[in-house]
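Only one structure is covered here, and it is reproduced in the block below.
The values are calculated or read from the model by the stated rules, or taken from the named source; none is laboratory data. Here the structure is a predicted model, which means the values were calculated and not measured. Glycine also receives a Cβ, built like all others from the backbone with ideal geometry; neighbour counts cover every protein chain displayed. Just so you know, the surface numbers come from the protein's heavy atoms only, side chains and all, with ligands and any DNA or RNA stripped out. Shrake-Rupley method; radii C 1.70, N 1.55, O 1.52, S 1.80 Å.
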Amino acid sequence: MKQPLYKKIYAELHEAIVEGRLDPGSRVPTEKELSEQYQVSRITSKRALTELEQNQLIYRVQGSGSFVRELKEKKATGRILFVLPFANDLSLGNFTEGIYPVMQEHGFELLMTPVDYLEKTTAAELMQEFDGLIYYASNTFSYYDLLFECAEKHFPIVTLDKKLHEFEFPAVMPDNFQGGQLATEHLLALGHQRIAYIFGDTHHPQSVRQRYLGYIDALKKAQRTFRTKLDDAAASIANALDYLEEHQVTAAVCENDLIAIELMRALRQTDLHVPTNISLVGFDNIQAAALVDPALTTIGQNFAEMGRLAGKQVIEKINAAKAATPVPTETTTHLVAVSLIKRESTQLKE
């Protein structure tokens, strides 16, 4: 979405003030000067100046103009922000079960918000309002400008679910590779020879690629020659029925539970039945996995432990910053073990 023009003016003045290119007490351009510089209406330039004033970055003197305020040194807020992809995403587990006890033990308040909050704030405002950030990364490319500014200031950030390789943020992730192994080994133990991997679409996030590699590793160790290719568009859910039939597949590891449940529904419209004709394994152990018929065998994540580790990591970084402890240059990735949850969607191959 295109950034409003007043936001562009605000962001550039904000950056100049925070970085010290506009000294405290120095005059900022007038509404008229800004409207001419940016080729916008005076209403637009006025809105940018109003927001700067509301955020205590400038002050106005009647008849003289606007001037840069002396920035207050950031003080501890006792608050940590937890950013999630969506507020009510049923595919996300209950991380707070592990995070809240850590927050209470160390005297921090945890505020949870959907990711669109990051659209409405700047890095400077985020760092002023909170002591640290736990960021559930739905992908590995969004909000890089904001994250870069925070990283430059050594603001404590821990990522959940994905590792952002361009930044030195600690990451807490499920062991997706292990999950792919466990799902595939379970199907191999049931006697299945031709095991497919079914994707959601042709774009594969970091977590899905790791699950897929675990699947490949288990097949390789079992010396099975049939395997789904990562770039095979025919193995996506949109084409899954044809793919399964063409390759005479008797079992499938699915990218996640939602894909497995969707495939289950599609199979009901055919002569193939789960698990009589084809066994399915999902990933995530969402609530619906136990409620579908047949109940879905899946890989369960330890969300509480991931939440606990993320909370512990961000507080350690906050305390290190307060004590002026040197920040280690190496990044830390915590892989949390997953587990196989056996239900009725898998059975011995006859």
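With +1 assigned to the C-beta of every Lys and Arg and -1 to the C-beta of every Asp and Glu, and no other charges, what is the dipole magnitude of the chain about the Cα centre in debye, to the nearest 20?
300 debye
Can you give me the % of accessible surface on segment 206-350 that is carbon or sulfur? Probe 1.4 Å, all protein chains present, nothing else counted.
Exposed carbon and sulfur together represent 49 percent of the surface.
Calculated [222 nm] ellipticity per residue, helices only, for the chain: -11500 deg cm²/dmol; basis is -39500 (n - 2.57) per DSSP H run with n ≥ 4, divided by all residues, nearest 500. Projected onto its three principal axes, the C-alpha set of segment 178-325 covers 65, 34, 29 Å, listed from the longest axis down. Restricting the GluC sites (Glu not before Pro) of segment 164-246 to loop positions (DSSP other than H, G, I, E, B) with no more than 15 neighbouring Cβ atoms within 10 Å leaves E166, E168.
Rounded to the nearest 20 debye, what is the charge dipole size of segment 223-300 about its Cα centre when +1 sits on each Lys and Arg Cβ and -1 on each Asp and Glu Cβ? Spell out each step's value before the answer.
Working: 5 positive and 11 negative charges, 41 e Å.
Here the size comes out at about 200 debye.
Of K312/K342; K220/K342; K162/K229; K7/K162; K162/K349, which sit over 26 Å apart, Cα to Cα? Table pairs above 26 Å Cα-Cα are K312/K342; K7/K162; K162/K349. Treating r as the C-beta distance of R265 and E129 and R0 as 51 Å, the FRET efficiency rounds to 0.70.
Accessible surface for segment 242-322, divided over its residues, is 42 Å² per residue with a 1.4 Å probe.
The value of relative contact order for segment 173-298, using C-alpha pairs under 8 Å at least six residues apart, is 27 percent. Loop-located chymotrypsin sites (Phe, Trp or Tyr not before Pro) in segment 136-230 (DSSP state not H, G, I, E or B) with no more than 12 neighbouring Cβ atoms inside 10 Å: F141, F226.
For segment 232-283 versus segment 98-160, the spacing of their alpha-carbon centroids is 38 Å.
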